[in-house]
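A short worksheet on the structure shown next.
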């Protein structure tokens, strides 16, 4: 599947376990990580959204990518797990897979997702627009999203400075 990131549509260098060679970048199921921990190439894990952070935490320093599935657009468990991984210090690629919709990309980005496996259900340009459309957050976000209240305070300070000057 194609990937969309802040750089636009990008090629996926990772392969799922069934078609990978010895040096390929590889995504394996969480429960098979132990068999692949010493391999060459970048290692990613497909983590079910039913997993807890305790199951993943021991692997985070070794992983280059974590893929979290959205089996249905109404199933938001991967949002919580993504945020917990970022708070635990995971700095690798955090990829949303499965039933990913353009109107959810901003919310996914705010909890730490930075790559999205996309389908061809929607035009390619819609995915990139969806990722860049919103740049303010009502809640604490992972990364550089600005909070609405910070912008309101800044705007108020600007108004006061102009009227005082």
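Bear in mind these aren't lab numbers, they're just calculated from the coordinates by the rules spelled out. Note that the structure is a prediction, hence the values are computed from the model and not measured. As a convention, Cβ positions derive from the backbone with ideal geometry for all residues, glycine included, and neighbour counts pool all protein chains shown.
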>> Considering the Cα positions of the stretch 3-134, please state its Rg to one decimal place and its Dmax as a whole number of Å.
In response: 14.3, 41
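Taking the highest mean first, how do the peptides 113-119, 89-95 order by number of other beta carbon atoms within 10 angstrom per residue?
On the way: 113-119: 20.6, 89-95: 18.4.
Top of the packing list down: 113-119, 89-95.
Which order, highest average first, do 49-56, 80-87, 124-131 follow once you tally other Cβ atoms within 10 Å for each residue and take the mean per peptide? Numbers along the way, then the final one.
Numbers: 49-56: 14.4, 80-87: 19.4, 124-131: 16.1.
Listed from highest to lowest mean packing, they are 80-87, 124-131, 49-56.
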> Where in the stretch 77-103 does the label zone of residue 122 land, with the point 7 angstrom along Cα→C-beta and an amide N cut-off under 17 Å?
Replying inline: 79, 95-103
